[in-house]
Each structure stands twice: as C-alpha cells, then as structure tokens.
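> So that we are looking at the same thing, I have put the structure below in structure tokens.
The values are calculated or read from the model by the stated rules, or taken from the named source; none is laboratory data. These figures come from a predicted structure and were not determined experimentally. Don't worry about glycine lacking a Cβ; one is built from the backbone with ideal geometry, like all the others, and counts go over all protein chains shown. The accessibility values were calculated without ligands, DNA or RNA, using every heavy atom of the protein model including side chains. Shrake-Rupley method; radii C 1.70, N 1.55, O 1.52, S 1.80 Å.
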Amino acid sequence: MDNPFVYDKYVTGKAFVGRKYDCAILGNLLEAGENIVMYEPPKSGKMSVIQQTLFNLRAKGKQFMVIHVNMLNIRALEDFLVKYGTSVIRSVYSTSDEYARVVGDCLRDTHFVFDNSRFVACEEVVSMNWSPDMNDVEQMFRLPYKVSEEKNVPLFVILEEFQNIMHDKDYEDALKVMEKVLAEKNPNVSFIFTGSQVNAMKLIFAERKFFYRQFEYLPLQKVDDSEITEHIIRGFMMGGKVVERELIVGACELFRGQMWYLNHFTSICDNLTKGYINEGVLLQALKTLISIHEPRFISIVNDLTDHQLSLLRAALDGVTRFSSTDVIEKYRLNSSANVRRVKDALKKKEVLTFNDKDEPVILDPLFEYWVGKYYFQMR
C-alpha cells in the first residue's frame with residue numbers, strides 16, 4: 001500500500017496538501033512571464049509548490065519546457081556556468097550533434113565548447129577552454145532566450161539553492177551581469193530563484209537588492225491546520241486507524257505546520273501501532289523523530305559561541321529587543337554593538353532570521369523545541 005505520508009520527495013496530486021493560493025499566484029506569475037524568488041527553510045515545500053503549479057499549468061493545456069538547475073554543489077562560477085549550460089541544452093535537445101551545434105551557434109565568441117570526450121566521460125554538454133569572464137556569464141545567461149526563440153516555446157528556468165553562487169569571489173560581478181540580461185524582459189522565459197538558506201537569499205534579493213524590480217517575491221503561506229488535520233486523519237483511515245483530532249492539532253502547533261516534519265512524524269506513528277493512535281503513540285513518535293535529528297541539532301549548538309547561545313536563549317524567552325540595557329545585562333551580551341555582531345552571526349549560520357519588525361524567528365521548528373527542552377531544559 002502507498003504511504004499516505006510522503007516525506008522523502010516533493011509531492012503533487014493527491015499527496016499535495018493546501019497551498020492552493022500559492023500555486024495559483026505562482027501559476028499566474030509564470031503565465032505572465034514574470035521572474036519569481038522563493039526562499040524558505042529546508043523542506044518547507046518550495047519544490048512541491050513549484051511542481052504542483054507546473055502540473056496545474058499542464059492540465060490547463062499550457063505548453064512550456066522546464067529547465068532545472070540544482071546548485072547545491074556549486075562552489076565556483078565556472079561550475080555554475082557549466083552545469084547551467086548543460087542543463088539548459090539537455091532539457092531541450094537530445095543528440096550530441098544538436099549539442100555541438102547549439103554550443104557553436106548560441107555560445108559563439110565565448111570560452112564554451114562542446115567537448116565530445118567530456119560528454120562521453122561525464123555527460124557534460126558544455127565545457128570551458130579557459131577561465132570564465134563576464135562575457136561568458138552574459139552569453140550563458142542569454143542561452144534560454146535563444147533556445148526559447150528557436151523552439152518557439154516558453155521556458156521556465158528553476159535555479160535551486162541559488163544562494164550558493166555567493167561562494168565564488170566574483171559573484172557580485174556575475175549577479176550584475178545577470179541583472180543586465182533580465183532587465184531586457186523576455187516574456188517567454190521566466191526564472192524561479194529558490195533557496196533554503198533564508199538569510200543568504202535575503203542578502204541577495206532584499207538587502208543588497210540585486211535584480212531590483214525584476215522579480216516577484218513569493219513567500220509560502222502556512223498550510224491551514226484544518227487541511228493538515230484532515231490529511232492526517234484520512235491517511236490513518238487508509239490503514240484502518242483512528243486518531244483524536246485534538247492530538248493532531250497539537251502536532252500542527254509544535255511543527256508550525258511544516259509538512260515535511262508532520263508527514264515524517266505521522267508516518268512513524270503509523271508504523272508504531274495497528275489500531276488506535278493515542279497520546280502515548282504520538283510521544284513515542286516524537287522521541288523517535290528527535291533521535292533522528294538530534295545529531296544535527298547537537299552540531300548546531302556546538303558551533304555556537306556563548307554569546308550566540310545567550311541570544312538564542314533570549315529569543316526562546318520571547319525577547320524581541322536585544323539591545324535594551326536590562327536584556328544585555330540579564331543575558332550577558334556585553335554591549336549593543338556585540339548584540340549586532342551576534343545577531344549577524346546567528347543569521348549567517350541560518351539559526352535565526354528576523355522579520356519585518358526585527359523580531360527573531362527560529363527557522364527550524366523541531367530545533368526550537370529540542371533546544372528549549374533538551375539543551376536549555378526550559379520545559
């Protein structure tokens with residue numbers, strides 16, 4: 001029997017829960033030829049929303065092609081350009097002769113080549129015969145526009161984990177070149193920039209304001225607790241099991257509606273019993289889930305300084321203004337200047353982010369529970 005609680009991959013169709021509004025907005029933006037930015041913590045459902053939206057557009061008869069570039073392992077600009085070019089061309093063309101022609105025609109007067117030996121060895125369609133310069137960046141970023149024009153079909157380019165471009169020392173120059181290309185506004189090509197390092201993506205798009213007015217920011221809405229509850233109850237019923245609605249509501253609050261954690265949690269519950277799911281089963285499932293993630297959480301706190309841990313504790317206590325004299329004294333934060341440094345460090349480590357009111361938000365809901373209960377022993 002299919003697992004009703006999917007947490008090992010993105011979900012579409014019947015397994016997709018809520019976020020109809022997000023999908024509708026994203027679909028409208030793509031049909032209008034807009035560029036979109038999405039940044040949320042890991043496993044928040046970004047790719048599920050994107051894939052469900054593409055599914056909806058296909059169901060409506062919309063014709064398009066998708067280019068997906070996962071930048072998870074990108075550490076240098078050359079790596080990005082090669083992977084990007086390979087993804088674009090392989091998503092649209094299928095033979096080595098076509099690959100060689102497209103590289104030769106569309107990337108003329110650049111350092112990009114089609115190297116048949118590289119293609120045979122590692123399926124690399126685009127190779128470089130020299131270190132990249134900004135002309136290479138510009139021509140490579142134009143490639144989807146040229147391909148779209150040749151094929152006469154809209155292209156949606158998904159750049160996943162886009163913040164990793166900042167690993168390259170020349171990333172600012174590269175982003176400025178990309179800005180130049182996007183400013184020309186081609187309605188047949190839409191870029192979807194996604195990232196799971198929230199503060200790094202904020203730095204690019206909100207603080208440094210790269211691509212200013214060239215994109216629409218799409219924050220994901222929290223999935224309604226009632227939709228989550230119905231999804232979980234329905235999933236348990238598939239196996240002939242029953243759970244009290246109030247217990248599910250409590251789980252929704254604990255995980256702040258984060259579907260990846262909730263699906264994993266309920267999948268564990270599903271495997272722990274063959275009948276009635278009571279509070280004891282849920283507590284055991286929570287312990288199991290924590291045991292899976294605890295090494296990661298321990299690594300996070302071990303990487304924090306005393307001042308960073310103090311500010312984290314203050315955030316758990318509900319403090320929102322860390323620079324006040326009484327807060328600095330109570331949590332031994334030394335000075336307001338030190339508070340700023342500590343806040344920046346926790347943002348860089350993706351432990352905290354700060355909302356529009358400069359209030360702290362702990363990015364991972366299970367880590368928030370664990371660090372309060374097990375590390376600071378607050379509960």
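> To the nearest 10 degrees, how steeply does helix 245-254 sit against the main Cα axis of the chain, on a 0 to 90 scale?
On a 0 to 90 degree scale, this one is about 60.
> Turning to a different aspect of this structure: If each DSSP helix of 4+ residues adds -39,500 (n - 2.57) and the sum is divided by the residues in the chain, what number results at 222 nm, nearest 500 deg cm²/dmol?
Taking each H run of at least 4 residues, the total per residue is -16000 deg cm²/dmol.
> Next question, about the same structure. Candidates (1) 26; (2) 22; (3) 35; which is the computed percent of Cα pairs over 36 Å apart?
Among (1) 26; (2) 22; (3) 35, the one calculated here is (3).
> Suppose R0 equals 41 Å; then what is the FRET efficiency for Asn28 and Ser131 from their Cβ-Cβ distance, rounded to the nearest 0.05?
0.50
> Follow-up. Report, for the chain, the % of DSSP beta bridges that are antiparallel, rounded to 5.
Antiparallel: roughly 20 percent of the beta bridges in the chain.
> Now for a different question. Run the quick spin-label model on Lys222 and Asn116: label points 7 Å from Cα toward the beta carbon, then report their separation in nm to one decimal.
Modelled inter-label distance: 6.0 nm.
> Which angle between 0 and 90 degrees, to the nearest 10, do you get for helix 259-272 versus the longest principal axis of the chain when only C-alpha atoms count?
60 degrees
> Rounded to the nearest 20 debye, what is the charge dipole size of the stretch 1-147 about its Cα centre when +1 sits on each Lys and Arg Cβ and -1 on each Asp and Glu Cβ?
Its charge dipole is roughly 720 debye.
> Label-point separation (nm) for Arg213 and Lys180, each offset 7 Å from Cα along Cα-to-Cβ?
2.0 nm
> List the GluC sites (Glu not before Pro) in the stretch 87-128 that DSSP assigns to loop (not H, G, I, E or B) and whose Cβ has at most 14 other Cβ atoms within 10 Å. Which are they?
Here the GluC sites (Glu not before Pro) that fit, given the DSSP loop and packing criteria, are Glu123.
> Given a 1.4 Å probe, how much area per residue of the chain is accessible, in Å²?
About 49 Å² of surface per residue is accessible.
> I want to make sure I understand the PRE zone here: with the label point 7 angstrom from the Cα of Asp170 toward its beta carbon, which residues in the stretch 91-121 have backbone N atoms less than 20 Å away?
107-114
> Based on the Cα coordinates of the stretch 253-373, what is the per residue volume of their convex hull in Å³?
Here the figure is 110 Å³ per residue.
> How tilted is helix 96-106 with respect to the longest principal axis of the chain? Cα atoms for both, answer in degrees (0 to 90, nearest 10).
With rounding to tens, the tilt is 80 degrees.
> Here is a further query. Measuring from label point to label point, each 7 Å out along Cα→Cβ, what is the Asp2 to Asp356 span in nm?
3.9 nm
> Of all trypsin sites (Lys or Arg not before Pro) in the stretch 212-248, which ones are in loop regions per DSSP and have a Cβ with at most 14 other Cβ atoms within 10 Å?
Loop-located and lightly packed - Arg213, Lys222.
> For the ranges 356-364, 19-27, 194-202, what's the packing order if you count other beta-carbon atoms within 10 Å of each residue, average per peptide, and put the highest first?
For the peptides 356-364, 19-27, 194-202, the packing ranking is 194-202, 19-27, 356-364.
> Just Phe211, Phe119, Phe193 to compare: in a GNM of the chain, with alpha carbon springs under 10 Å, which one fluctuates most?
Result: Phe119 has the largest fluctuation of those listed.
> Going through the cross-link list Lys146/Lys347; Lys185/Lys347; Lys14/Lys348; Lys43/Lys202; Lys83/Lys180; Lys46/Lys287, which pairs have a Cα-Cα distance over 29 Å in this structure?
Where the Cα-Cα span goes over 29 Å, the pairs concerned are Lys146/Lys347; Lys185/Lys347; Lys14/Lys348.
> OK, next. When the expected Rg is taken as 2.2 N^0.38 Å, what fraction or multiple of it is the alpha-carbon Rg of the stretch 12-51?
Taking the Cα Rg and dividing by 2.2 N^0.38 Å, one obtains 1.18.
> Hand me the GluC sites (Glu not before Pro) from the stretch 147-249 located in a DSSP loop with no more than 16 other Cβ atoms within 10 Å, in residue order please.
For GluC sites (Glu not before Pro) across the stretch 147-249 that sit outside H, G, I, E and B with at most 16 neighbouring Cβ atoms in 10 Å, the list reads Glu184, Glu244.
> How large, in percent, is the carbon and sulfur part of the accessible surface of the chain at a probe radius of 1.4 Å?
48 percent
> When the solvent-accessible surface of protein heavy atoms is calculated with a 1.4 angstrom probe, in what order do Val92, Val102 fall, highest first?
Val92, Val102
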